[in-house]
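So the structure is just underneath, and the comments pick up after that.
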């Protein structure tokens, strides 16, 4: 049985859902919510599960955070064009990707990032790659509303991405 500290706590689930709820209501508190969501993201990223007799590890906390984030995002995919709450969440997601990538760039410029982590191997960069890959799957959806929301999200994110391979 896995230990309690490796699992997503109900408090984290509730906090992420509360952040997305606030993001729906207004764009004025998005910057506060970026910081709160990144704090949860970093806490989750610290949780790792050791495998292969200590030689490797699984990023269990990051996976749980991605699942929480994806669960909140999928809820707005079916919402039709013009609904303000869905538009606010789309802006929030694009802004969050911008926020974590700018923080990553600032940390690199200031020399705050650890020497063992490459630009491509940080929780923030892995999360950004995951979100982009997830959105790419949505381009092939049959429902035009889903394709619209996926494209809208990608447009909000793409200007804030660094080099794309």
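The values are calculated or read from the model by the stated rules, or taken from the named source; none is laboratory data. Please read these numbers as outputs of a predicted model, since none were measured by experiment. When we count neighbours, we look across all protein chains shown, and the Cβ atoms used for this are built from the backbone with ideal geometry, even at glycine.
Only a single criterion out of (1) surrounded by 15 or more Cβ atoms within 10 Å (Cβ to Cβ); (2) closer than 30 Å to residue 143 by Cα is not satisfied by residue 38, namely (2). Would you check if there is a residue in the stretch 110-129 being more than 19 Å from residue 63 (Cα to Cα) and modelled with pLDDT of 90 or more? Within the stretch 110-129, not a single residue is more than 19 Å from residue 63 (Cα to Cα) and modelled with pLDDT of 90 or more. If the condition is being under 17 Å from residue 67 (Cβ atoms) and either at pLDDT below 80 or not in a helix (DSSP H, G or I) (or both), then the stretch 11-52 contributes 11, 12, 13, 46, 47, 48, 49. Across the stretch 3-10, a minimum of one residue is classified as under 27 Å from residue 146 (Cβ atoms), more than 12 Å from the chain's Cα centre (by Cα) and at pLDDT below 90.
Checked against (1) surrounded by 14 or more Cβ atoms within 10 Å (Cβ to Cβ); (2) in contact with a helix residue (DSSP H, G or I) (Cβ under 7 Å, 6 or more places away or on another chain); (3) in a helix (DSSP H, G or I), residue 98 passes all but a single condition, namely (2). Restricting the stretch 147-165 to residues that are out of contact with any helix residue (DSSP H, G or I) (no Cβ under 6 Å at 6 or more places or on another chain) and modelled with pLDDT of 90 or more leaves a set whose member that is surrounded by the fewest Cβ atoms within 10 Å (Cβ to Cβ) is 151.
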